[in-house]
Amino acid sequence: SAVISQKPSRDICQRGTSLTIQCQVDSQVTMMFWYRQQPGQSLTLIATANQGSEATYESGFVIDKFPISRPNLTFSTLTVSNMSPEDSSIYLCSVETLGTGNTIYFGEGSWLTVV
Amino acid sequence: GDSVTQMEGPVTLSEEAFLTINCTYTATGYPSLFWYVQYPGEGLQLLLKATKADDKGSNKGFEATYRKETTSFHLEKGSVQVSDSAVYFCALSRYSGYALNFGKGTSLLVTP
């Protein structure tokens, strides 16, 4: 398995501001993904974070709103830009680690409330 | 496209009751199948997985068998505890390197 640390764990943000979420993994990973979980809902994939290149975004998510970086194999950031109350969600980093045969692990999530 | 369908919740059971949460999937090829659990106020934890037909995943008393013929991966536990109260998500991944596709989740409440 992998130990995945996300920061911040929780935050209350003002409308119109931006927040960057960090994801650090304790071992090398093959893939890193970012998901959003809106209140009472399931998880929706935002994007796949690609090392050293632009992230691959899912339909409905754009780079201007959710810029993602992945400078190395164990670290990624997701920024939620120009936030509105509709962005209040849990944002989860997930990884597939080497040798785990297609198993994906999740961080504890970043619980954002936009006021 | 790929999809996962779970039974609607919430499910309420008494302690020591038998649990079944149904999960069926639609996918091409031979996806890997997973159950994740989310306890109140926490992130997702991998509960169990199966990577090929007839595989049985098990963990913490929970079991699920990959049934190719019925495209199902139902979660079962023989005797639930209050501490099992959580939301359970069924998910699939088409192959290594592919992101997960989740069901809507099933909320379970176990009462003493």
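The table below lists the values:
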item	result
Any chance B:THR71 is over 12 Å from the mean Cα position of the chain (by Cα), at pLDDT 95 or above and either of a type in the set (Ser, Thr, Tyr) or open to solvent by less than 40 Å² (accessible area, probe 1.4 Å) (or both)	yes
Among (1) more than 25 Å from A:ARG36 (Cα to Cα); (2) touching a His at 6+ places or on another chain (Cβ under 6 Å) - the single one B:LYS77 does not satisfy	(2)
Evaluation of B:LEU48 against (1) assigned to a strand (DSSP E or B); (2) within 25 Å of A:SER89 (Cα to Cα); (3) within 14 Å of chain A (Cβ to nearest Cβ) (one fails), failing number	(2)
Some residue of the stretch B:7-18 being within 14 Å of chain A (Cβ to nearest Cβ), within 17 Å of A:SER42 (Cβ to Cβ) and within 11 Å of the chain's Cα centre (by Cα)	yes
Failed condition for A:GLY107, given (1) open to solvent by less than 10 Å² (accessible area, probe 1.4 Å); (2) modelled with pLDDT of 95 or more; (3) of a type outside the set (A, V, I, L, M)	(2)
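The values are calculated or read from the model by the stated rules, or taken from the named source; none is laboratory data. For clarity, every value in this text was computed on a predicted model and none was experimentally measured. Glycine also receives a Cβ, built like all others from the backbone with ideal geometry; neighbour counts cover every protein chain displayed. All accessible areas refer to the heavy atoms of the entire protein, side chains included, with ligands and DNA or RNA removed. Shrake-Rupley method; radii C 1.70, N 1.55, O 1.52, S 1.80 Å.
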